[in-house]
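Note sheet for the following structure.
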Amino acid sequence: MSNAKLRTCLLVVFACVLLVPGLIPQSQVDNDKITQSDDRQIELSVHIDARNITRSLIHSTVDIPVKSGFNYLWFPKWIPGIHAPRGAIQNMAGLLITDEQGNKLEWKRDPSDVCRFQVAVPENVTQISCSFDYICNQPSTNSVGVDSFGNHVHGVMSWNNILLYPESYSNEETFVNAQIQLPDNWKLFTALKHEEKEDALFLFEKSSLREVIDSPVICGQHHQSHQLNKDGKDVWLHIVGSNATSIECSIDILLGMEHMVTEARLLFGHEHYPHYHFLLMCSNETPRLGLEHLSSSLNGVNAMDLPTGGFGATRVMAHEYVHSWCGKYRRPAGMFTNSYHYNKDTTLLWVYEGLTQYLGNVLAVRSGLREKSDFRDLLRYYLSTLRSINGRSWRSLADTATASYLLRARSHNWAKWLRGQDYYIEGALVWLEADCLIRQATNNEKSLDDFCKAFLGKQENLGPINPFTYQDILVLLNEVHRHDWDAFFQKRVYQEHKEYDLSFMKHSGWEVSFEDTPEAASGSLNYYYRNAFESIGIGFTDSGRVYKVLKNGPGYQAGLAKNMHVEKINGRSFSPARLHQALMDARNSNKIKLDVRIHEEDSPDGHVEMIIEYDGGPRYLVLKRVPDTPDYLFAITDAQRE
């Protein structure tokens with residue numbers, strides 16, 4: 001037997017041994033990081049046949065240079081933006097790996113990580129071809145923003161669903177040459193540079209794996225594009241919808257979006273993207289979503305959102321636009337890795353998402369997409385919501401960030417006790433308080449805007465991602481205004497609390513009060529009446545079904561539980577207005593009598609009587625001006641453009 005044949009036989013034997021269950025070497029993804037080098041790179045060819053996206057299928061073929069022996073491939077796992085190791089690999093089907101001659105090669109999934117594949121490559125084979133289908137329209141809770149969707153008129157494609165990459169190269173060393181074949185008469189929109197050929201074939205410029213995965217694609221038959229700026233780097237709004245009506249965008253919305261681009265430049269001082277693309281899907285058959293990228297954002301609203309004022313679209317696009325600076329360019333160091341299979345530390349999401357939530361709301365008002373009164377109404381909603389979260393007594397705000405992906409799906413039971421991804425709205429109020437403290441201490445001469453210019457707008461040539469640490473935040477805040485910021489954040493973010501402290505609102509020139517009558521717009525009183533969290537700790541539907549109970553509140557003590565149905569209150573059929581009246585009457589009676597329907601075995605007719613011991617009356621959170629103080633909420637939302 002020749003030496004060459006002997007080596008081939010030994011390789012085959014070695015492959016057979018290692019491809020048996022349990023014998024794949026485990027990836028050292030947490031410890032042995034890829035060493036990035038300017039001296040090496042690898043190029044993948046990715047061919048996407050999306051002609052069957054109309055039937056929920058995308059076919060992908062990925063050609064990968066290899067060396068003989070064992071090669072390890074990854075389906076992208078930790079995708080930036082969803083803050084979770086939840087690449088939707090469950091929708092990958094029909095994986096076939098072949099050599100240049102079309103010979104089938106054996107592959108084995110790593111039992112310790114389902115996103116990792118081992119392929120035994122024979123000698124003299126220098127390239128393999130990996131083909132598979134991706135099944136659209138069935139995302140997991142965590143994958144919604146980075147999943148793929150399609151029907152007969154439009155689609156969304158996320159590159160992390162439709163490619164594999166080699167383990168031993170970083171995402172900056174891995175380059176992708178891609179093409180997409182769409183159904184006839186469809187167009188696509190993305191931040192990636194591309195050209196359209198005949199028959200709906202689109203060819204993309206070679207880009208790094210990081211750039212590709214950071215650039216989702218929307219496509220379809222019905223579409224519009226609008227340029228949003230005349231100066232500076234190009235910014236575009238691309239709209240794809242389910243029909244011609246769904247993509248109608250008013251002059252007011254477009255003008256507001258143009259102002260938002262201007263206000264962002266004034267706030268941050270500098271853009272880090274080469275160009276920016278708002279990708280907006282308007283359809284009832286794709287999820288409501290928003291996901292950030294450095295040079296684009298993927299946004300999903302219902303089909304009639306734009307024709308009826310665009311409230312959902314402008315809200316989500318303002319938030320995701322801020323992320324180009326906060327989260328994409330400046331990213332927590334623990335979330336900055338050079339591949340998509342390394343674990344991430346998400347503890348600083350109270351900055352990544354919390355600061356973005358705050359600034360997105362501010363930009364929406366400064367640009368004219370929202371009124372100043374809307375900002376105050378939203379703030380009142382945040383405060384009321386956070387007051388009802390009693391899980392803060394056992395877990396800190398920082399812990400909700402560290403455990404982020406476990407909390408993506410809202411708990412169906414005892415959600416306020418468990419806590420959710422509170423770093424969004426509670427994080428936003430931490431930054432509101434910081435802004436007001438700076439303004440108050442400097443007589444409005446300085447503000448969080450100054451911090452944002454230094455933190456998010458810095459122009460150091462550090463590449464597309466500039467990681468930051470907690471200490472960086474403290475240093476830059478102290479350069480704006482000297483304060484014990486560490487103690488401030490330790491208290492607000494890293495400690496548990498018995499209840500949410502509302503006293504910080506006085507720094508804004510406003511204070512919280514609890515009144516008998518809600519501060520509500522006409523027609524919305526029922527919403528406030530039936531959400532009696534501040535009084536008896538219960539949330540009802542309009543018909544009287546219990547949808548939320550606060551642990552240890554008066555309603556909890558009376559025995560109420562989710563999905564019980566209150567049919568009568570103090571002897572009268574339930575309605576939100578009668579609940580409000582019962583709370584008023586409780587000041588004298590010290591109790592509220594309920595006729596509750598639960599289930600048959602509890603009583604002969606399925607009903608029980610419950611008594612809520614309560615004498616406090618209705619309690620609705622309202623905001624009132626503190627006399628003879630500056631109104632910093634007004635100042636914060638002032639437009640900066642001339």
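The values are calculated or read from the model by the stated rules, or taken from the named source; none is laboratory data. Not measured: the values here are computed from a predicted model. Here the Cβ is made from the backbone with ideal geometry for all residues, glycine too, and neighbour counts use every protein chain on show. Surface areas here come from the heavy atoms of the whole protein model, side chains and all, with no ligands, DNA or RNA. Shrake-Rupley method; radii C 1.70, N 1.55, O 1.52, S 1.80 Å.
Data for the structure
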{"quantity": "Count of residues meeting criterion [closer than 21 Å to LEU406 by Cα, hydroxyl-bearing (Ser, Thr, Tyr) and not in a helix (DSSP H, G or I)] in the stretch 336-378", "calculated": "5"}
{"quantity": "Residue check, PRO76 within 30 Å of TYR424 (Cβ to Cβ) and either at pLDDT 95 or above or surrounded by fewer than 16 Cβ atoms within 10 Å (Cβ to Cβ) (or both)", "calculated": "yes"}
{"quantity": "Any hit, the stretch 205-220, residues being in a strand (DSSP E or B), over 26 Å from the mean Cα position of the chain (by Cα) and among the small types (Gly, Ala, Ser)", "calculated": "no"}
{"quantity": "Boolean, THR385 is β-branched (Val, Ile, Thr), over 29 Å from TRP236 (Cβ atoms), part of a helix (DSSP H, G or I) and over 17 Å from the mean Cα position of the chain (by Cα)", "calculated": "yes"}
{"quantity": "Residue match in the stretch 154-166 (condition: over 25 Å from the mean Cα position of the chain (by Cα), assigned to a strand (DSSP E or B) and modelled with pLDDT of 95 or more)", "calculated": "yes"}
{"quantity": "From the options ILE218, ILE180, residue that is open to solvent by less than 10 Å² (accessible area, probe 1.4 Å), touching a Leu at 6+ places or on another chain (Cβ under 8 Å) and farther than 25 Å from ALA303 by Cα", "calculated": "ILE180"}
{"quantity": "Identity of the residue in the stretch 423-445, over 25 Å from THR347 (Cα atoms), out of contact with any Pro (no Cβ under 9 Å at 6 or more places or on another chain) and not in a helix (DSSP H, G or I), that ends up most open to solvent (accessible area, probe 1.4 Å)", "calculated": "GLU445"}
{"quantity": "Wholly within the stretch 221-293, strands (runs of 3 or more DSSP E) carrying at least 1 residues that are touching a residue at least 40 places away in the same chain (Cβ under 8 Å), in contact with a Lys or Arg (Cβ under 9 Å, 6 or more places away or on another chain) and crowded, with 22+ Cβ neighbours inside 10 Å", "calculated": "235-241, 276-282, 289-292"}
{"quantity": "Qualifying positions in the stretch 472-489 - in contact (Cβ under 8 Å) with a residue 24 or more places away in the chain and within 18 Å of ARG331 (Cα to Cα)", "calculated": "ILE473, LEU476, LEU477"}
{"quantity": "Residue list for the stretch 97-126, restricted to those being within 37 Å of the chain's Cα centre (by Cα) and open to solvent by 50 Å² or more (accessible area, probe 1.4 Å)", "calculated": "TRP107, LYS108, ARG109, PRO111, SER112, VAL114"}
{"quantity": "ASP501 being under 28 Å from the mean Cα position of the chain (by Cα) and within 17 Å of LEU448 (Cβ to Cβ)", "calculated": "no"}
